[in-house]
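Below is one structure, written out as structure tokens; the observations come after it.
The values are calculated or read from the model by the stated rules, or taken from the named source; none is laboratory data. The structure presented is a predicted model; accordingly, all values stated were derived computationally and were not measured. Here the Cβ positions follow ideal geometry from the backbone for every residue, glycine too, while neighbour counts run over all protein chains shown.
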Amino acid sequence: MYNNILEFIYSFEPYSPQAIIIYALSFVFLIQMIYYWIFFRKLAFYKEKKSDTNLQAVSVVVCAHNEFQNIREFLPMILEQDYPNYEVILVNDDSDDNTEFLLIDLKAKYPHFKVAKTNRTVSFVRGKKFPLSVGIKLAQNPVVLLTDADCYPQSKNWIRGMMSAYADEKTEFVLGYGKYEKKPGLLNRLVRYDTLHTGIQYLSAAIGGRPYMGVGRNLSYTKDIFVKNKGLTSHYKIPFGDDDLFVNKYAHKRNTSISISSDAHTVSIPPRNFKSWFRQKKRHLAASKHYKFSTKIRTGTYGLSAFLFHVLTIIAVVFSFSNYFLCSIIGFIYIFRLSSQLVIFYKSAKKLEEKGLWFRAPIYDFYFSVLNPIWMFSNYIIKENVWK
């Protein structure tokens, strides 16, 4: 071993292609460690503080288009929350199924339930932004809480869990976590892993004072910040991003909090096939094109460094296969990064109650590191998708 090290030192050429690849791999590895141990550790080791002493009145807003079955199954779970002062507003976005008749029955049963209806033919705004704006405008309470028609709260204390994150009068945004139902199959594991990975990124960023997105499945903000910034008009021409683009533009260190307790989670129905999931992913990635420049730099650097790490590791092994010492260096770098990833994912998954995912991180990380750039590139050459 000692002789091998000496032989390597004497024969090493600092400007050879082999050496440059090792330098590049080491640099990318350092970037990844910065993200894992400076940024993502914030969620992994986060200790949540909440207060039930100042629970505000809240308006829950849900938009739906042809969601009869989901409304019948999930809306009562929202209408029967254990919370002292709230209303529920459902905006029926031009549904042509039996949604309207179902809503009449629910309105008769629940006095705190309101219904609004929008007509797509008279709207100049594509996607979900117009019905969402209508719902928020009708809200009578100072805080709105958003979710989707195909989502349901994980507990009767969902509203309480989200509202308890409004620690003081400075808080204007509360970012929650929206998971997907656990079902058998590869697609479900990929969807849930991707959701966990995304959650680690945006929740860690919010804890670190740099919020950049939230998910419409579980997001709250004050009506005042919505009104004073003229709602979604700053990006109304973009047919998606009703949740993350608004957060990206107006959320900051002093006005943003998170809520990650299990009571505060929502659960969504997962995509039924790969095609629908790909469309959903492309839509979410397309919205990121409109983020602030600083956000695109932070998220883009992480994605690019993850992609380059896998590529450079493969190239480095090929170039150094016959060199025991170089292979040892590459092995150390790979194992250290893998161990860091597993620790962060394990602790984060435990906090977000995402079971059976953390140990799959190395495999799925490679998959998404390759696939995300392809999705992102395709958004520049294929027409953008809109909300159904």
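Summary of values
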{"read-out": "Candidate set: the stretch 126-168, residues that are surrounded by fewer than 20 Cβ atoms within 10 Å (Cβ to Cβ) and basic (Lys, Arg); chosen: the one farthest from TYR86 (Cα to Cα)", "value": "ARG126"}
{"read-out": "Residue under evaluation ILE269, criteria (1) within 30 Å of PRO131 (Cα to Cα); (2) buried (at least 16 other Cβ atoms within 10 Å of the Cβ); (3) not assigned by TED's automatic domain parsing to the domain that holds THR195, criterion not met", "value": "(3)"}
{"read-out": "Those residues of the stretch 316-357 which are aromatic (Phe, Trp, Tyr), assigned to a helix (DSSP H, G or I) and more than 30 Å from LEU43 (Cβ to Cβ), in sequence order", "value": "PHE319, TYR324, PHE325"}
{"read-out": "Answer residue from the stretch 309-347, given it is among the small types (Gly, Ala, Ser) and crowded, with 17+ Cβ neighbours inside 10 Å and is nearest to ASP365 (Cα to Cα) among those", "value": "SER340"}
{"read-out": "Filter pass, LEU75 being in a helix (DSSP H, G or I), over 20 Å from ALA139 (Cβ atoms) and touching a residue at least 60 places away in the same chain (Cβ under 8 Å)", "value": "no"}
{"read-out": "PHE309 more than 19 Å from GLY199 (Cα to Cα) and touching a Ser or Thr at 6+ places or on another chain (Cβ under 9 Å)", "value": "yes"}
{"read-out": "ILE38 being under 30 Å from TYR302 (Cα atoms), out of contact with any Leu (no Cβ under 6 Å at 6 or more places or on another chain) and without any contact (Cβ under 8 Å) to a residue 12 or more places away in the chain", "value": "yes"}
{"read-out": "Some residue of the stretch 317-325 being small (Gly, Ala, Ser), at pLDDT 90 or above and either in the same structural domain as PHE366 (by TED's automatic domain parsing) or in contact with a strand residue (DSSP E or B) (Cβ under 6 Å, 6 or more places away or on another chain) (or both)", "value": "no"}
